[in-house]
Amino acid sequence: MLEILVLLALVRPIERMAAKKGEKPYRWRLIVVGAWFGSEFAAAFLTYLLTENMLVTYLVAIGCAVASYFYVKYKLNQKPDMDLLETIGQEVQ
C-alpha cells in the first residue's frame, strides 16, 4: 500500500513535465506505472530464482522499480520543451 502511495506521488511530477514538453500526460503516467511494476516483477522473479532470500528479493525489486522511474524521467527530460520549440519556430519564420 505504501508503495502505491509513493508511486502516485512520483507520477505527478512526470505528468507536469510531460505537459510542459507538449506530450500527453496520461501516456507518460502509464509508462511510469508500467515500467515500475514491470521492472519490479522481473527483478523480483529473477532475484528469487537466484537467491531464494525474500529480503534480498524485495530490496532488489524496489531498487529496480525506483531505477525505472528515474530512467523514464531521464527519457522524458531529453525531449525539448514546448516553449523552446515555439521560440525556434518563430525565429525560422
Can you tell me how many residues in the stretch 1-56 are closer than 17 Å to residue 78 by Cβ, in a helix (DSSP H, G or I) and of a type in the set (Lys, Arg)? 3
Which of the residues spanning the stretch 1-53 are among the β-branched types (Val, Ile, Thr) and in contact (Cβ under 8 Å) with a residue 24 or more places away in the chain? 14, 31, 32, 33
In this structure, does residue 60 turn out to be in a helix (DSSP H, G or I) and either touching a helix residue (DSSP H, G or I) at 6+ places or on another chain (Cβ under 6 Å) or small (Gly, Ala, Ser) (or both)? yes
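Laboratory data are not the source of any read-out in this text; all were calculated from the coordinates shown. Please read all numbers here as calculations on a predicted model, not as lab measurements. Glycine also receives a Cβ, built like all others from the backbone with ideal geometry; neighbour counts cover every protein chain displayed.
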